[in-house]
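Colleague: Take a look at the following structure, please.
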Amino acid sequence: MTDTTPTREMAPARPTWHVVLVRPETMTLLLIIIGLVGASILSPFFLDASYIMRSFTLTAEMSIVALVLTMVIISGEIDLSPAANMALSACVFAWVQDAGVALPLAVIVGLLAGLAMGALNAFMSIRMQLPSIIVTIGTLIFFRGLAQIIAGDRSIRVPESFVGINAVMVFGVPLPVVIFVLCAIVLGLVLGTTVIGRQIYQIGTNQQAALHAGINAKRIKVGLFLLLGVVSAAAGMMAASRLGSVRYDLVLGGELQMVLMAMLGGTYIFGGRGTILGTFLAAWLLVIVSTGMTVANLLPAIQLTVLGILLIVAIIATNFIYARTQR
Amino acid sequence: MNLVRNILFRREAGILVMIVLFCIAVGLYKPQFLTGQSLRIILLLTPLIMIGAMAQMLVLVGRHVDLSIGSMLGFSAMVVGLMYREFPDLWWVIGFPIAIATGAVLGIFNGLLVTIFKLPSIIVTLGTLSLYRGLTFIISDARQINRSDIPSELKLMSRTSPVFDIPWIILIAFGIALMTYVIARHTQLGRQIYALGSNPEAAPLRGIDVTKVTLVVFALSGALSGLAGILYASRWGFVNPSNTGAGFEFQVIAAVVIGGVSINGGVGTVMGTVLGVLLLGCVAAALPLLGIPGSTQNAIYGSVILIALLIDRSVRQRGAASISRGGA
Amino acid sequence: MLKKLLITTTAALALTAGNAFAEDIDIVFVGKNTGNPYFDSLTQGFVDACEVIACNFEFVAPATAEATSQIPFLEAQIQRGVDVIAISPNSPDALNQVFDSAREKGIIVLTVNGDITGNEEHRDATILPTDFTKVGADQIEMVGSLIGYEGEVAILSATTEAPDQNFWIEGMNETIANDPKYANMTLVATVYGDDQPEKSTTEMEALLANFPDLKGVIAPTTVGIAAAAQVVQSRGIADQVKVTGLGLPSEMRDFVKDGTVDGFQLWSPYNEGWLASHFAVGLKNGSMTNEVGATFEVPNLGTITINEGNSINTQSALTTFNADNIDDFDF
Amino acid sequence: MVDAPKLIEARGISKQFGGVEVLSDIDLDLHAGEIHALIGENGAGKSTFVKILAGVHTPTRGSIKMNGDAVNVTSPIAAQELGIALIHQEPVSFPDLSVAENIVMGRKGGGLLSRVPWATIIADARRYMDMLGVSIDVTRPMHGLSIANQQMVEIARALASDSRLIIMDEPTAPLTPREVDTLFAIARQLRDEGRTIIFISHRLEEVRMLCDRLTIFRDGSHIATQTVASIPEDEIIRLMIGRELKKYMRKHTASIGETALEVSGLTLPGAFEDISFTLRKGEIMGLGGLVGAGRTDVARALFGIEPAKSGKIKVGGRDAKIQRPPDAIDLGLAFVPEDRAGHGIFGTLPVEHNITAAIPGKIAPSGVISRALERGFSRKSVDDLSIRLASLNQPIVELSGGNQQKAILARWLLTEPEVLILDEPTRGIDIGVKAEFYDMIGDLAEAGRAILLISSELPELLSLCDRILVMAEGRITAEIPRDEANQEKVMQAAVPRSGIAA
């Protein structure tokens, strides 16, 4: 089998400014600037740091989960069930707590529920080698259904001592936002500088080559699904603390926003490409876009339409950038 | 002795047995479940899902997924609803071609994104799911079409028809099932969809115009969603921008996957899908009778999809293992 | 359609600009979700009131009616510095924090058409359509009058958790149990349609199947009553099973006209909006005080008293709609 | 039958793949009603030539005439319309569709909505099956058919599109003797109907039994075309490998140390059986054989990608249990795979990441990758193997085939392996870089590493290896020490004897 790769010996190196600038993350940064300008024109009330910060706490939990989802997509898999996982874990936590279990123990039970959900996704996708996208559509409906069974459409209250995570301020910044930034830094370092991070890129780029290079792709992918399960559970309980009560419809439809954050950040849907920084910026972009539209009292319909268009444009753009740079 | 053909056949027989057993079990506990009236209730629950399932079956056979059928249903229903409200004296039957055409246009847009930009259909339709729902809000200015705006002849179609008093809506649904059977089994288009799903790389080599077939599949999915849209207006008598068609895609995927359509493409029968829809209809009708809160329905759909995936896996494993032991 | 969209957007822009200098009171009403016909007429009440008295009115609502979907809209109104937030809450307890932060900013928070039971201290006052305590009894009287005060009756409610629904159902049970007038009426079942047309229909079908000689069905929710009526209409059993409850004239007009439903009740959501605007402006400019027992005048609604727990009833008794008066109402 | 009408006249057919000339100026005539064998070593250009005939590739130069008039075979469909059918060794089919449909699929049959004539399709399918004397239920799906039956369906498809030229690429490799006989009977029947059959095979007895004429390819050019009767087997082999042997004299022969790797009775049913050999430090052992001999499967078993079912492996004298590649790497094994693009490089990732992919422990002792260590290792590798590149951050896909292979070799040298398995290391690499590779392999042996070199290029094997094992159809057929080794001996052992008899 003679291979047909181009044989230019000395390919012209891309100039450094080109490498730094022509990246999906810069596209997201550009969109943030455009978003900020647009939103402040749309409504004078928009440009206020504390308001944007407060609005970010509403989606901070989802953004944290989107960071881990980015790593799962880079590794070549996908998971549409984290939003449902957040709801079910929060319901399990509140239900167990409501039934008299001590708070710390209830939190652990919630996290274990998330882990179990991650394990189910891992078993179906990796062990049974089923396409993870269809598996996680099944688990997304299944987890949401379980949450409905546990909580009915009652809303289970959460003890006062646990409520108000978003009221806790760290140097004037709400705690959920601080946690999001810290998670981004930690995960960015893991993905960017550790062996595991490097191997996630390698598995996503070419799983066969990874096998031949002695990389245990199965173990890493199972680990990612489990991590996503636990982090989703933690995020679900953070939301419970923010809201003071939990219903089965927590973060309903959140899966679209999480995938959107990853895509807007430049994560390549087929794996191998993407960064934590990209998703981090995309999370802020989404907040700016939706807050800008809400404070301008635009019909929610427009927000839905804009979200849909953004996702489609983002996939086409990243597809185009990667296809072009892969000469 | 062809092993796989039996498995496929057994799969449909398996679903039929499940339906019978389920109905007998419920009937023992609640005898009224087995009356003619109860059969009518079950059949009245299935027409929209049936039409959606037919479209989704062809999409899945072509190794694609269309998540936007719920929003396409909602948008088409809204277009027709607005038309009835703004032009009350129009002949009400005009609604059907308009709904189908509207759906087809949205479907073709999906198809273009998938074929021109080579994007995975599941992510594209996840985007258009939200886009079309947003457009539904915009064109309706977020207001509902009330029962009084929907022509009574259209609503009548969900109640009776000259044929043994079976509502038109059920006749249309089974008509679409028959049409899909003819397309899938007896037209070049149908066979090429199966071929495309069975071996996408080999399809172009065998002279199959992959782009055209994919576009037609998505257009069909849109058109049938449009038809389901106007029938929604007939069945429930109103069109609401936020919940008309919401969650429709999950019910349809559950029905299609139970019906034995494989998510790896190339495998799926109309009969299996019809039985899958009927099974879900029985479950949906039985829950309230047994006093089980409706909230368990989602959990049932989810678990049904997961179990069907595992069954599909084991069938494919036994089939695939025997073909190729590659290696140079 | 697009033309309409542009108008609303420019109107929104004008309002934001306009508010900077006028001393009119800014009122915003946050509905449960967009596309809910019930709130169209309630909003109309606000709009007409604000044309008469000095207030600027805006209606916003999330796309879907989940517990937490209203929070971003409330945060936005706080940011816009509106004077009064009127809201029909989607959840009894998920909005406490955001209500508190609004009231810290001096914003008056009124719950409309439904209260946050158990968390009343987080809102200034609540404006209910009518005296909820009497709704249960009125509905039992309504169905009793239709079925000759004897036979089996069932309730088709919305969601198991909706506070107003449970309040009324409690009232209905009490009335049937204690009031001798309804001695030979028995309440056989209460089922929940989750305010979804498909589920309400299957629950209604199950009721008819489980209780063959059911005489009457009370559906105290607009979605439930319409679904129940449609089932009765399609099976042509209007004379055996009487459907009533709380419904919107615009939705029930066909059923009343063709005799499927003889009569149903509701209140005027329009009046609720009308009263809420006046109360809000009154509170803001000091002409009204928000103490229990205080009274105030509202044009064409007469004197309104603030009852226990700062709750106000727009009208004392339910309005009954039937064949002869259904055409006088356009909501 | 000498001057039978010419079906195909190919003139000056040449093809370049990425700068490497694979076919140069092939002239070949094919008569109607003839079975014509194409013979040659791996990579001699046989497959490429027939793929050009079948429209899978387009030639860089040259023309094809069919029945006297020039034709332009642009795609497989064009070929099908011209009546040319190519049957791959692993038939390409639609597993979920019925046999009958697989035969007909894609034939011009009216618009998308035109009716599918099931009756005629099934009737035709049965007719072709009867013609081929094969009893397969044409309504069952392709799923689960044996390879032999799948080939029968492919032939039926060729008949369905009334193909005049049917090309069979190594058809008998996976078949049992009885299935081979059936295939031969059918081939003869088709020839008697006036059709032309091209039969690519290494089994010279089969060629002798079946074919009328044969053509020998070598290094991309057409050496000779003879009638089968007029050329003895030894002559065929001589022509196959007749190039005068440019001796790449190895600068030295390394001192042979103690046994590094010992394999006994290694078996994986269907791939290879009873493989036993010992490999000593400083020794280069060649593993020769033709396509399908199972050499790559042995390598994949040694490295743990597809472990053998039975047999023992001892590394450095100790028993080794290798279930997954990391086990092999820990024991000091390394494996440069044959399929560079599919199993070797991470195309879009930088060259540096590719080079250090197998030594995570060394570049990140604490788990965190140390830039300095990584840059040190990769810079050293680039210099040692003189890899030509613009920058270490450049995606590796931008390098030439030769430099990519050097990067993969560098990856494995960094693991400092005891045993280095190289699978077709110099395939698709231009001559200049090949020589560099040979020196490198020599130096590695000299440094005491044990090297197992899998190669289809005889000069490479003969000049580099201390010993050559030859495999055919999953079995070791000969072990030839360096001084007795020559091309004929290796090829004699490589050509499957047992084709008919086994």
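Colleague: How big is the Rg/Rh ratio for region D:1-125, C-alpha atoms only, Rh by Kirkwood, two decimals?
Modeller: Taking Rh as the inverse mean 1/r over Cα pairs, Rg/Rh reads 1.03.
Colleague: Still on this structure, please answer the following. Which three extents, in whole angstrom, do the alpha-carbon atoms of region C:132-266 cover along their principal axes, largest first?
Modeller: Projected onto the principal axes, the Cα atoms of region C:132-266 cover 35, 30, 28 Å.
Colleague: In addition: Show me the trypsin sites (Lys or Arg not before Pro) within region D:356-428 that DSSP assigns to loop and that have at most 16 other Cβ atoms within 10 Å of their Cβ.
Modeller: In loop regions of region D:356-428 (DSSP not H, G, I, E or B), the sparsely surrounded trypsin sites (Lys or Arg not before Pro) are D:R388.
Colleague: May I ask you to give the average projected area over all directions of the convex hull of the Cα atoms of region D:102-156, in nm² rounded to one decimal?
Modeller: 4.1
Colleague: Run through the DSSP bridge list for the protein assembly as shown and note the antiparallel percent, rounded to the nearest 5.
Modeller: Antiparallel: roughly 45 percent of the beta bridges in the protein assembly as shown.
Colleague: Still on this structure, I have one more. What size of dipole, in debye to the nearest 20, comes out for region B:36-314 about its Cα centre when the only charges are +1 on Lys and Arg C-beta atoms and -1 on Asp and Glu C-beta atoms?
Modeller: Here the size comes out at about 280 debye.
Colleague: Can you divide the C-alpha Rg of chain C by 2.2 N^0.38 Å and report the result to two decimal places?
Modeller: 1.03
Colleague: Show that you can apply the helix-only estimate: for chain B, add -39,500 (n - 2.57) for every DSSP H stretch of four or more residues, divide by all residues, and state [θ] at 222 nm to the nearest 500.
Modeller: -24000 deg cm²/dmol
Colleague: Ok, one more. Could you work out the mean count of beta carbons from other protein chains within 10 Å of each residue's beta carbon in C:69-75?
Modeller: Across the residues of C:69-75, the mean count of other-chain Cβ atoms within 10 Å is 5.
Colleague: Still on this structure, I have one more. With all distinct Cα pairs included, what does the Kirkwood hydrodynamic radius of region B:36-314 come out to in Å, to one decimal, could you say?
Modeller: After inverting the pairwise mean of 1/r, the radius is 18.9 Å.
Colleague: What lysines does D:K281 reach when the alpha-carbon gap must be under 20 Å and sequence neighbours fewer than 8 apart in one chain are set aside?
Modeller: D:K251, D:K312, D:K314
Colleague: Distance from the Cα centre of region A:24-76 to that of region A:145-173, in angstrom?
Modeller: 23
Colleague: While we're here: Using the Cα atoms as the points, what is the convex hull volume per residue of region D:170-315 in Å³?
Modeller: Measuring per residue, one finds 160 Å³ for the Cα hull of region D:170-315.
Colleague: Which value, in debye to the nearest 20, describes the size of the charge dipole of the protein assembly as shown about its Cα centre when Lys and Arg Cβ atoms bear +1, Asp and Glu Cβ atoms bear -1, and nothing else is charged?
Modeller: Dipole of the protein assembly as shown, to the nearest 20 debye: 4480 debye.
Colleague: Can you work out the PRE-style zone for C:T133? Point 7 Å along Cα to Cβ, and I want the residues of region C:153-180 with backbone N under 13 Å.
Modeller: C:171
Colleague: Hey, another quick one. Where the centroid of each part is defined by its Cα atoms, how far is region A:223-276 from region B:145-159 in Å?
Modeller: 42
Colleague: Using the 2.2 N^0.38 Å rule of thumb for compact globular proteins, work out how region D:66-122 stacks up: its C-alpha Rg over that value, please.
Modeller: So region D:66-122 has a normalised radius of gyration of 1.38.
Colleague: Of D:K321/D:K380; D:K309/D:K489; C:K32/C:K242; A:K218/D:K309, which ones are farther than 25 Å apart at the Cα?
Modeller: Beyond 25 Å: D:K321/D:K380; D:K309/D:K489; C:K32/C:K242.
Colleague: Oh, and also: Restricting the count to DSSP beta bridges whose residues both fall in chain D, what percent are antiparallel, rounded to a multiple of 5?
Modeller: 55
Colleague: Give the lysines reachable from D:K6 as a straight Cα distance under 22 Å; neighbours fewer than 8 places away on the same chain don't count.
Modeller: Reachable lysines: D:K46, D:K51, D:K65.
Colleague: Need the list of lysines near C:K105 for cross-linking: C-alpha distance under 18 angstrom, and skip anything on the same chain fewer than eight residues off.
Modeller: Candidates past the 8-residue exclusion: C:K284.
Colleague: Then there is this: Which one of D:L30, D:S14, D:I64 has its Cα pushed farthest toward the positive end of the charge dipole of region D:1-91, where Lys and Arg give +1 and Asp and Glu give -1 at the Cβ?
Modeller: It is D:S14, whose Cα lies furthest towards the positive end.
Colleague: Could you work out how far the C-alpha centroid of region C:244-318 sits from that of region B:252-298, in angstrom?
Modeller: Taking the Cα centre of each part, region C:244-318 and region B:252-298 sit 45 Å apart.
Colleague: Round to the nearest 0.05 the FRET efficiency obtained for D:N393 and D:Q16 when R0 = 30 Å and r is the Cβ-Cβ distance.
Modeller: It comes out at approximately 0.50.
Colleague: Report the FRET efficiency, 1/(1 + (r/R0)^6), for B:S314 and B:I24, where r is their Cβ-Cβ distance and R0 is 22 Å, rounded to 0.05.
Modeller: Between B:S314 and B:I24 the formula returns 0.25.
Colleague: What are the radius of gyration and Dmax of region D:6-241, computed over its Cα atoms and given in Å?
Modeller: 17.9, 59
Colleague: Using DSSP to call loops (not H, G, I, E or B), can you name the GluC sites (Glu not before Pro) in region C:232-325 whose Cβ has at most 11 other Cβ atoms within 10 angstrom?
Modeller: When the GluC sites (Glu not before Pro) of region C:232-325 are filtered for loop state and at most 11 Cβ neighbours within 10 Å, C:E291, C:E308 remain.
Colleague: What does the average come to when, for each residue of peptide D:364-370, you count the partner chain Cβ atoms lying within 10 Å of its Cβ?
Modeller: Across the residues of D:364-370, the mean count of other-chain Cβ atoms within 10 Å is 4.
Colleague: As an exercise, use a Förster radius of 25 Å and the Cβ-Cβ distance of D:K362 and D:I256 to find the FRET efficiency, rounded to the nearest 0.05.
Modeller: 0.30
Colleague: Using the crude model of +1 on Lys and Arg Cβ and -1 on Asp and Glu Cβ, and no other charge, please compute the dipole size for chain C relative to its Cα centre, in debye to 20.
Modeller: 520
Colleague: Taking C-beta distances below 4.7 angstrom as the pairing criterion, name the unpartnered cysteines of the protein assembly as shown, in sequence order.
Modeller: For the protein assembly as shown, the answer is A:C91, A:C183, B:C23, B:C282, D:C211, D:C465, because their Cβ atoms have no other cysteine Cβ under 4.7 Å.
Colleague: Let me ask you something else. Which longest run of chain D has no exposed loop site in it, a site being GluC sites (Glu not before Pro) in a DSSP loop with at most 16 other beta carbons within 10 Å, and the site itself not part of the run?
Modeller: D:259-502
Colleague: Restricting things to alpha carbons, tell me how big the protein assembly as shown is in terms of Rg and Dmax, in Å.
Modeller: 37.5, 122
Colleague: What is the sum of charges, Lys and Arg at +1 and Asp and Glu at -1, for the other residues whose Cβ falls under 13 Å from the Cβ of B:P88?
Modeller: Around B:P88, the surrounding residues sum to -3.
Colleague: Scan chain B and report its longest stretch carrying no chymotrypsin sites (Phe, Trp or Tyr not before Pro) that are both in a DSSP loop and have at most 12 other Cβ atoms within 10 Å.
Modeller: The reported range is B:165-328.
No value in this document is a laboratory result; all are computed from the given coordinates. In this text the structure is predicted, and so the values were computed from the model without any measurement. FYI the Cβ positions are ideal-geometry reconstructions off the backbone, even for glycines, and counts take in every protein chain you see.
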